[in-house]
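Worksheet: one structure, shown below.
The values are calculated or read from the model by the stated rules, or taken from the named source; none is laboratory data. Here the structure is a predicted model, which means the values were calculated and not measured. Backbone-built Cβ (ideal geometry, glycine too); neighbour counts: all protein chains shown. Note: areas computed on protein heavy atoms with side chains; ligands, DNA, RNA excluded. Shrake-Rupley method; radii C 1.70, N 1.55, O 1.52, S 1.80 Å.
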Amino acid sequence: MSSRRSRAQSTTGSSRISDDQIIELVSKLHQLLPEINRSNGRRSNKASANKVLQETCNYIKNLHREVDNLSDRLSQLLSTIDADSPEAAIIRTLI
């Protein structure tokens with residue numbers, strides 16, 4: 001058993017994930033990622049687990065950035081309208 005796996009097993013106890021489960025999870029991530037699916041113009045099931053995990057991290061970072069930008073835009077919009085208006089109330093629920 002590799003040292004990485006023995007460390008993982010010792011920290012997770014008996015809830016060790018199998019290689020088949022890892023492959024299945026990576027496959028599910030691959031299906032969710034638009035960048036990998038778009039790169040060849042068609043869906044490729046041959047992306048490496050490393051690439052899928054890297055793209056997943058990048059995609060999540062981009063989503064965080066997008067949420068921050070949208071939040072900033074909503075805040076700016078809220079500052080330009082009457083704070084007691086129905087529109088302001090709707091915007092506040094989105095932030």
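Please work out which residue is farthest from I23 (Cα to Cα), limiting yourself to the range 74-85 and to residues that are open to solvent by 80 Å² or more (accessible area, probe 1.4 Å) and part of a helix (DSSP H, G or I).
Of the range 74-85, the ones open to solvent by 80 Å² or more (accessible area, probe 1.4 Å) are 76-77, 79-80, 82, 84.
If we keep only those that are part of a helix (DSSP H, G or I) too, we end up with 76-77, 79.
Numbers: Q76: 44, L77: 45, S79: 48 Å.
This residue is S79.
Looking across the range 6-45, the residues that are surrounded by fewer than 12 Cβ atoms within 10 Å (Cβ to Cβ), more than 24 Å from L63 (Cα to Cα) and at pLDDT below 55 come down to S6, R7, S10, T11, T12. When you check A49 against the structure, is it modelled with pLDDT of 85 or more, open to solvent by less than 70 Å² (accessible area, probe 1.4 Å) and over 15 Å from the mean Cα position of the chain (by Cα), yes or no? Answer is yes for this residue.
For S71, the criteria (1) open to solvent by less than 90 Å² (accessible area, probe 1.4 Å); (2) under 11 Å from the mean Cα position of the chain (by Cα) hold in every case but one, which is (2).
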